[in-house]
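Read through the structure below, which is laid out as structure tokens, and then see the notes.
The values are calculated or read from the model by the stated rules, or taken from the named source; none is laboratory data. Model, not experiment: these values are computed from the prediction. Here the Cβ is made from the backbone with ideal geometry for all residues, glycine too, and neighbour counts use every protein chain on show. Accessible surface is based on the protein model in full, side chains and every heavy atom, while ligands, DNA and RNA are left aside. Shrake-Rupley method; radii C 1.70, N 1.55, O 1.52, S 1.80 Å.
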Amino acid sequence: MGKLALITGGTRGIGAAIAQRLKQDGYRVAVTYHGNDAAAQDFTEETGIPAYKWDVADFDACEAGVRQVEADMAQAVDILVNNAGITRDAGLHKMTSRQWREVLDDDLSSCFNMSHAVIDGLRSRGWGRIVNVSSINGQKGQFGQANYAAAKAGMIGFTKALAIEAARKGVTVNAVAPGYTATEMVAKVDPTVLEGIVAQIPVGRLARSEEIAHAVAFLVHEDSGFITGSTLSINGGQYLV
Ligand code: CAA
């Protein structure tokens, strides 16, 4: 039986591409989503990948949700991809406490909640992969994204700490930092602002979700056991770190 991968926010955008790629690579795959029932239904119909609805910002929901997936799939989760995330862009002087909290909860605390729900199992079985989907804007900052940049930078620190803790147990923990990718999230950016951003990308275009999925497939591969605590930048040369 193939290893079981669970991808949060996996019915749309980068998450959906990751789910499909891992399925193609022979893994068993399940995804979570929170808001869009219609998109989830379409995704499952098209791909045959089961989609579970819960709020990854809710610690208890993550624990219960993961146990449910494992019961339904009759297998424990081997690979976790923390991909779910939201934006609530505004300059700090206009940002509400709610906009701050929602982004920190959904993008960063979700990594704690989900990793916590799988870590005992991974440690006890001596094999696991966790990949956290950060962002170029957690590395370089971005106008109007104090909340998102803080959460995405926080994911990189989280990745490094957990990588150190889990290394001796055969569990690797890495981050990918996508640049601007052709998804619904990026489509919400003002077209003039986005034009300016694309002009700063040496490759000269947005990323395709499949290009981000390719990096995740690499990091979860059996042969990637010596890669841990790293952040793989996939940004068309926009920010060279
Ligand atoms: N750079 C420089 N100056 C900017 C600016 C920018 N990107 N955006 C706004 N300004 C300036 C405005 O020109 C304005 O200046 P004046 O007061 O002199 O007129 C001032 O800042 C205030 O502008 P606004 O009132 O429009 O600012 P705002 O608080 O309403 O929010 C914003 C502005 C809509 C957030 C805008 O800054 C923006 O679109 N930023 C980019 C956000 C972005 O890239 N989001 C990515 C979402 S996708 C994603 O996050 C995925 C991923 O991982 C990459």
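Numbers below:
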| item | result |
| --- | --- |
| Stretch gain in nm, segment A90-S124, where the contour uses 0.36 nm per residue and the Cα spacing is subtracted | 7.9 nm |
| Separation of alpha-carbon centers, the range 152-177 and the range 54-123, rounded to whole Å | 15 |
| Phi to ³J(HN,Hα) by Karplus 6.51 cos²θ - 1.76 cosθ + 1.60 over the range 99-107, Hz, x for Gly, Pro | 4, 5, 5, 4, 5, 4, 5, 6, 8 |
| The chain: most fluctuating residue of R123, R12, R28 per GNM, C-alpha cutoff 10 Å | R123 |
| Charge context of R123, other residues only, Cβ under 15 angstrom, K/R +1, D/E -1 | +1 |
| Contour excess over end-to-end distance, with Cα ends at Y239 and R168 and 0.36 nm allotted per residue | 22.3 nm |
| Cα gyration tensor, the range 119-241 - rounded (a/c under 1.5), prolate or oblate | prolate |
| Extension gain, K53 back to Q68 (0.36 nm per residue minus Cα-Cα distance, nm) | 4.3 nm |
| Whole-percent carbon and sulfur share, accessible surface of the chain, 1.4 Å | 54 |
| The chain, relative contact order in percent, only Cα pairs under 8 angstrom and at least six apart counted | 20 |
| Estimated FRET transfer efficiency (R98, I197; beta-carbon r; R0 35 Å; 0.05) | 0.85 |
| Distant-in-sequence amide H partners of T231 (H built 1.01 Å from N, under 5 Å) | A175 |
| Crossing angle, helix 59-73 versus the chain [Cα axis fit, 0-90 degrees, rounded to tens] | 50 |
| Amide H within-cut-off set for T32, under 5 Å, with H built and near neighbours excluded | I7, T8, G9, G10, Y52 |
| 1.4 Å probe accessible area per residue over the chain, in Å² | 47 |
